[in-house]
1. If we scan the stretch 24-35, do we find a residue that is under 15 Å from the mean Cα position of the chain (by Cα), closer than 15 Å to Arg300 by Cα, in a strand (DSSP E or B) and not polar (S, T, N, Q)?
2. What is the number of the single condition among (1) at pLDDT 95 or above; (2) buried (at least 20 other Cβ atoms within 10 Å of the Cβ) that Leu297 does not meet?
3. Looking only at the stretch 9-43, which residues are at pLDDT below 85 and surrounded by fewer than 21 Cβ atoms within 10 Å (Cβ to Cβ)?
4. Got a sec? Which of Asp111, Asp135 is within 19 Å of the chain's Cα centre (by Cα), of a type in the set (D, E, K, R) and over 21 Å from Tyr319 (Cα atoms)?
5. So which pairs qualify, if the first residue must be in the stretch 319-344 and within 20 Å of Ile266 (Cα to Cα), the second must be aromatic (Phe, Trp, Tyr), the Cβ gap must be under 8 Å, and the two must be at least 6 apart or on different chains?
6. Can you say whether Arg130 is surrounded by fewer than 24 Cβ atoms within 10 Å (Cβ to Cβ), at pLDDT 95 or above and not assigned by TED's automatic domain parsing to the domain that holds Ile189, as far as the supplied structure shows?
7. Residue check: is Ile57 among the β-branched types (Val, Ile, Thr), crowded, with 19+ Cβ neighbours inside 10 Å and under 30 Å from Cys217 (Cα atoms)?
8. What number of residues within the stretch 344-359 are of a type in the set (D, E, K, R) and not in a helix (DSSP H, G or I)?
Amino acid sequence: MAEQVIITKIDIYRFSIPMVPFTIATGTMEHAQNVFIRVHTDAGFYGVGECSAFPMIVGETQDTCLVMAKEFAKLWIGKDALDIECRLQDLHNFAAWNTTIKSAFDMALYDIAAKNVNLPLYQFLGGEKRVVETDITIGIATPQIMAEKAAEFKALGAHILKVKLGKGAKEDVERIKLIRKAVGSNMKIRVDANQGWSFDAAVFALQSLDEYDIEFCEQPMRAWRDDRLPELMQLSPVKIMADESVYNHHDARRQINSRSCDYINIKLAKSGGIFEAIKIHDVAAEKGVACMMGGMLESRIALSAKLHFVYASPNIKFYDMDTCMLGHKIDPCIGGVTYDGYLLNIDNTVGIGADANEGFLKGCENIEIK
């Protein structure tokens with residue numbers, strides 16, 4: 001085990017993954033706008049990181065991530081990769097926010113740290129394996145099309161549906177009515193409005209959805225309406241999960257202390273990576289507020305890192321880890337997470353245990369910083 005592992009160069013890739021168009025309340029994505037990095041070291045191994053830009057949520061595009069990645073990489077050359085907190089502080093000192101691309105750099109550091117002690121990442125983080133079953137997401141379409149999709153997923157063995165809403169409260173209620181009718185009473189249904197409702201629309205929708213046995217609703221209103229969440233909590237028979245309202249552990253503390261949510265959705269693209277995600281998890285755990293592991297449109301590389309984090313995070317009770325099942329037309333990864341239906345697993349390869357396919361990388365724009 002090396003006392004220091006010095007960063008020698010960083011490779012940055014435009015990691016675009018073609019996909020079936022995916023629609024939420026705030027927009028449609030036609031390809032996964034991902035960035036992949038390799039942080040090379042003098043120890044003879046590198047760390048991998050991946051992020052997925054979702055502009056209408058986090059405000060970063062693939063291009064902004066690539067520009068910032070070049071600047072961030074310059075800050076790290078010649079420095080110790082094992083000093084995770086200091087390396088992340090280098091990035092924060094240079095630029096605020098930019099959490100999506102920061103999460104890829106964070107991930108690579110954790111991969112290096114775990115490889116340095118010859119452990120899979122979840123063991124490095126002090127975790128142990130458990131059963132993880134993901135939901136499967138239905139994007140916004142007509143109520144009938146969404147109901148048909150729900151029936152398809154049920155036939156394929158799914159047990160938990162996540163339904164995107166937020167484009168008209170009355171039609172949203174109709175969407176859930178038809179979906180519940182299509183799948184019957186045994187399937188879990190959780191909904192995500194992606195900030196799409198006003199306060200009044202949220203009250204109407206959540207009260208109307210009560211009869212359809214909804215597990216929870218993610219982010220019913222725009223984050224700038226957070227001051228009205230305590231009132232909505234009092235009026236809603238459906239539990240509320242904070243997503244876009246919680247980027248870091250300070251947000252989590254405010255939401256919990258103001259009684260603005262029942263649950264919190266952790267995403268590495270919002271938190272800036274595992275280091276801050278651990279803090280969110282711990283703040284919520286201390287207050288008895290369960291968390292979900294969510295994501296954007298990552299490949300199995302970032303998904304593998306998320307599964308390791310889940311194994312080390314007992315307060316994560318819900319799993320929205322279907323990112324590469326949402327219409328990715330190509331799997332650009334080797335190793336990493338495997339799906340058995342909707343159950344996730346990973347072997348005990350050291351580090352994150354996943355990497356990019358070299359053939360796919362040859363077709364990607366590449367920037368080398370050394």
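The values are calculated or read from the model by the stated rules, or taken from the named source; none is laboratory data. Just so it is clear, the model here is predicted, and its values are computed rather than measured. In this analysis, Cβ positions are derived from the backbone assuming ideal geometry, glycine residues included, and neighbour counts consider all displayed protein chains.
1. yes
2. It fails just one condition, (1).
3. So the first thing to find is which residues in the stretch 9-43 are at pLDDT below 85, and the list is 21-30.
Selection gives Pro21, Phe22, Thr23, Ala25, Thr26, Gly27, Thr28, Glu30.
4. Numbers: Asp135 fails: over 21 Å from Tyr319 (Cα atoms).
The match here is Asp111.
5. Taking only residues 6 or more apart or on different chains, the pairs are Asp322/Tyr342; Met325/Tyr339; Leu326/Phe22; Leu344/Tyr319.
6. Taking the combined requirement at face value, the residue does not satisfy it.
7. Answer is yes for this residue.
8. Of the stretch 344-359, the ones of a type in the set (D, E, K, R) are 347, 355, 358.
Still in the running and not in a helix (DSSP H, G or I): 347, 355.
Looking only at that region, the number is 2.
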